[in-house]
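See below for the structure under consideration.
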Amino acid sequence: MNMMSLTELNQALQTKQISSVELTEFFLARIAQHDSQLNSFITVTAEQALDVAKAADARIARGDAPNLCGIPMAHKDIFCTDGVLTSCGSKMLVNFTAPYDAHIVSQFKALDMPMLGKTNMDEFAMGSSNESSYFGAVKNPWALDAVPGGSSGGSAAAVAAGLVPFATGSDTGGSIRQPASFCGISGLKPTYGLASRFGMVAYASSLDQAGPMAQSAEDLALTLDVMHSFDYRDSTSLDQPKPNYMAALSQPLAGLRIGVPASYFGDGLDAEVKQVIEAAVAEYEKMGAQCVAVELPNQAHAVAAYYILAPAEASSNLSRFDGVRYGHRCGDPKDLADLYERSRAEGFGIEVQKRIMLGTYALSAGYYDAYYLKAQKVRRLIQQDFLTAFEQCDVIMGPVAPTPAFKLGEKTDDPLSMYLADLYTIPVNLAGLPAMSIPAGLVQGLPVGLHLVGPYFSEAKLLNIAHQFQLHTDWHRQVSPLAQGAAL
């Protein structure tokens with residue numbers, strides 16, 4: 001039951017083989033049993049979830065229940081949830097109970113989907129390993145001594161362990177796709193602006209994008225249909241026609257042109273990961289696709305540009321946490337300056353402090369032109385690289401990360417090595433394109449994801465491409481050790 005697809009769960013609920021209350025109790029029991037090993041949840045909302053489950057059962061009994069009604073889910077703790085702690089994995093917000101719902105939260109709430117809780121994350125979404133959380137590191141359900149990836153590592157681990165059917169995540173530089181790869185699940189970052197950012201606590205506003213994390217492309221199609229919604233409260237929300245994501249899944253792949261950048265397979269890519277990705281691309285060729293060599297000459301500068309632009313936006317966005325209005329406040333401040341300094345020093349972790357300082361420096365007088373402005377120019381070149389490549393191909397494929405999940409603590413003292421874990425994912429955010437990770441194999445018992453990148457608003461096509469791969473392979477059905485052997 002814990003590894004059933006959303007379609008299967010939906011069918012079981014609609015035909016009354018199981019009730020939403022029973023299903024919710026089942027997943028709550030799994031969280032109680034296993035999450036002490038994973039630390040994937042910050043908050044578990046059992047009472048609230050069961051109340052919603054009862055309402056869902058009543059709705060199903062009346063015969064007016066929409067798709068997904070009654071299926072439990074979880075939100076990354078970056079999304080505001082009315083009356084529930086929204087901490088962003090930080091001491092700064094450890095006492096913050098949101099007074100409203102994020103737009104995405106309200107979309108799922110309207111379907112009477114029980115929220116099991118809020119998942120753990122790197123502090124303010126800053127990290128690639130889920131080790132910077134104030135609430136402690138999350139463990140990978142495939143190997144408890146390995147990281148789950150970040151910053152949406154709590155959501156990825158919870159789904160991979162069968163603690164929740166699906167969860168929301170956010171992706172600023174790869175924070176949905178990289179943990180999806182590390183934990184052997186499917187994750188989608190939509191086109192920037194397709195899903196509302198209202199109520200999603202900002203890290204870097206021009207890069208942040210919400211998206212779903214689940215077992216399969218089919219599950220992602222069902223959940224993206226809910227998340228794709230125009231929101232007038234978000235000035236970057238796009239009023240874009242919504243395709244039929246489920247209907248698009250069955251399209252054949254004959255004639256598909258796959259762009260394969262040589263630069264993705266050079267130095268720094270683990271040899272066994274390379275073999276997995278090449279085998280996945282070969283599988284597509286068997287289905288009628290053809291490979292096309294493409295060049296992305298400015299990708300090499302993406303990490304450097306990202307770590308100017310994202311910290312610059314973070315230094316601005318996080319200036320609101322000053323100990324005055326809400327969030328952590330130091331004790332007995334001597335004056336206003338002392339209040340600001342100690343509240344921020346005590347409330348923010350080391351990784352967040354480093355990025356605030358770097359961003360403030362890049363935006364300061366005398367350095368804005370030298371760093372920030374140049375990084376924006378590089379960003380435009382990276383976007384143009386993709387646009388040129390898509391004149392020759394329909395989708396770009398490659399690895400999500402250079403390696404499988406690394407060991408906990410392995411890279412905490414080597415920030416550059418940690419930042420390079422997002423080498424392949426960061427350019428997509430800089431360009432605002434849609435992309436996803438799907439399971440493609442195992443390396444030394446750990447999952448490896450295949451990265452699919454498409455043109456703007458090509459989510460339906462990406463899901464189709466991913467789904468057809470999953471019809472011909474069973475990597476997405478490989479189950480983590482923590483998810484095995486459980487039955488209702």
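Could you please give the count of residues in region 216-237 that are open to solvent by less than 60 Å² (accessible area, probe 1.4 Å) and farther than 28 Å from GLU283 by Cβ?
Of the residues in region 216-237, 8 are open to solvent by less than 60 Å² (accessible area, probe 1.4 Å) and farther than 28 Å from GLU283 by Cβ.
Out of the residues in region 241-252 meeting the condition of being in contact (Cβ under 8 Å) with a residue 40 or more places away in the chain and either in contact with a Ser or Thr (Cβ under 8 Å, 6 or more places away or on another chain) or small (Gly, Ala, Ser) (or both), tell me which one is most open to solvent (accessible area, probe 1.4 Å).
Residues of region 241-252 that are in contact (Cβ under 8 Å) with a residue 40 or more places away in the chain, as a first pass: 243-245, 248-252.
Those left that are additionally either in contact with a Ser or Thr (Cβ under 8 Å, 6 or more places away or on another chain) or small (Gly, Ala, Ser) (or both): 248, 250.
Working: ALA248: 21, SER250: 85 Å².
Going through the qualifying residues, I end up with SER250.
Within region 459-488, work out how many residues are open to solvent by less than 20 Å² (accessible area, probe 1.4 Å) and assigned to a loop (DSSP other than H, G, I, E, B).
The number of residues fulfilling the criteria is 1.
Here are the criteria: (1) open to solvent by 10 Å² or more (accessible area, probe 1.4 Å); (2) in contact with a Pro (Cβ under 8 Å, 6 or more places away or on another chain). Tell me which single one GLN209 does not satisfy.
(1)
Among the residues of region 33-62, which ones are part of a loop (DSSP other than H, G, I, E, B) and more than 21 Å from MET126 (Cα to Cα)? Show your work before the answer.
At the first step, the residues of region 33-62 found to be part of a loop (DSSP other than H, G, I, E, B) are 39-40, 45.
Within region 33-62, just THR45 meets the criteria.
Kindly provide the set of residues from region 293-335 that are open to solvent by less than 80 Å² (accessible area, probe 1.4 Å), without any contact (Cβ under 8 Å) to a residue 24 or more places away in the chain and either in a helix (DSSP H, G or I) or within 21 Å of MET126 (Cα to Cα) (or both), ordered by number.
SER319, ASP322
Which of the residues belonging to region 126-145 are in a loop (DSSP other than H, G, I, E, B) and open to solvent by 20 Å² or more (accessible area, probe 1.4 Å)?
GLU131, SER132, TYR134, PHE135, GLY136, ALA137, LYS139, TRP142, LEU144, ASP145
Across region 18-41, what is the total count of residues that are open to solvent by 20 Å² or more (accessible area, probe 1.4 Å), farther than 23 Å from PRO481 by Cβ and of a type outside the set (D, E, K, R)?
Total satisfying the criteria: 2.
Out of region 100-113, which residues are in contact with an Asp or Glu (Cβ under 8 Å, 6 or more places away or on another chain) and either in a loop (DSSP other than H, G, I, E, B) or at pLDDT below 95 (or both)?
Those that are in contact with an Asp or Glu (Cβ under 8 Å, 6 or more places away or on another chain) and either in a loop (DSSP other than H, G, I, E, B) or at pLDDT below 95 (or both): TYR100, ASP101.
State all residues of region 63-99 that are open to solvent by 40 Å² or more (accessible area, probe 1.4 Å), closer than 26 Å to VAL324 by Cα, touching a helix residue (DSSP H, G or I) at 6+ places or on another chain (Cβ under 9 Å) and part of a loop (DSSP other than H, G, I, E, B); if no residue qualifies, say none.
Correct list: ASP82, GLY83, VAL94.
Of all the residues that make up region 254-263, how many are at pLDDT below 95 and in a loop (DSSP other than H, G, I, E, B)?
Going through region 254-263 one residue at a time, the tally reaches 2.
Residues of region 211-233 being more than 14 Å from THR7 (Cα to Cα), part of a loop (DSSP other than H, G, I, E, B) and not aromatic (Phe, Trp, Tyr), which ones?
Those that are more than 14 Å from THR7 (Cα to Cα), part of a loop (DSSP other than H, G, I, E, B) and not aromatic (Phe, Trp, Tyr): SER229, ASP231, ARG233.
Of the residues that make up region 359-375, is at least one under 28 Å from ASP270 (Cα atoms) and in contact (Cβ under 8 Å) with a residue 60 or more places away in the chain?
For region 359-375, residues under 28 Å from ASP270 (Cα atoms) and in contact (Cβ under 8 Å) with a residue 60 or more places away in the chain: absent.
Which of the following residues is touching a strand residue (DSSP E or B) at 6+ places or on another chain (Cβ under 7 Å), of a type in the set (Val, Ile, Thr), part of a helix (DSSP H, G or I) and surrounded by 24 or more Cβ atoms within 10 Å (Cβ to Cβ): VAL164, VAL159?
Every option except VAL159 fails the conditions.
Among the residues of region 66-82, are any free of Cβ contacts under 8 Å to residues at least 60 places away in the same chain, within 24 Å of ALA195 (Cα to Cα) and among the β-branched types (Val, Ile, Thr)?
Yes: region 66-82 contains one or more residues that are free of Cβ contacts under 8 Å to residues at least 60 places away in the same chain, within 24 Å of ALA195 (Cα to Cα) and among the β-branched types (Val, Ile, Thr).
Can you work out which of the residues in region 257-274 that are over 25 Å from the mean Cα position of the chain (by Cα) and not small (Gly, Ala, Ser) is nearest to GLY445 (Cα to Cα)?
ASP267
Among the residues that make up region 375-384, is at least one of them open to solvent by less than 70 Å² (accessible area, probe 1.4 Å), outside any helix (DSSP H, G or I) and more than 27 Å from ASN140 (Cα to Cα)?
No, region 375-384 has no match at all.
What are the residues in region 435-458 that are surrounded by fewer than 24 Cβ atoms within 10 Å (Cβ to Cβ) and either part of a strand (DSSP E or B) or in contact with a His (Cβ under 6 Å, 6 or more places away or on another chain) (or both), if any?
GLY441, LEU442, VAL443, LEU446 - these are the residues of region 435-458 that are surrounded by fewer than 24 Cβ atoms within 10 Å (Cβ to Cβ) and either part of a strand (DSSP E or B) or in contact with a His (Cβ under 6 Å, 6 or more places away or on another chain) (or both).
Do we find a residue being without any contact (Cβ under 8 Å) to a residue 60 or more places away in the chain, part of a strand (DSSP E or B) and either closer than 28 Å to LEU6 by Cα or not small (Gly, Ala, Ser) (or both) anywhere in region 413-434?
No, every residue in region 413-434 fails to be without any contact (Cβ under 8 Å) to a residue 60 or more places away in the chain, part of a strand (DSSP E or B) and either closer than 28 Å to LEU6 by Cα or not small (Gly, Ala, Ser) (or both).
Please go through region 279-292 and give me each residue that is surrounded by fewer than 15 Cβ atoms within 10 Å (Cβ to Cβ) and in a helix (DSSP H, G or I), ordered by number.
Passing the criteria: ALA279, ALA282, GLU285, LYS286.
The values are calculated or read from the model by the stated rules, or taken from the named source; none is laboratory data. Keep in mind it's a predicted model, so treat the numbers as computed, not measured. Here the Cβ is made from the backbone with ideal geometry for all residues, glycine too, and neighbour counts use every protein chain on show. The area values use the complete protein model at the heavy-atom level, side chains included, leaving out ligands, DNA and RNA. Shrake-Rupley method; radii C 1.70, N 1.55, O 1.52, S 1.80 Å.
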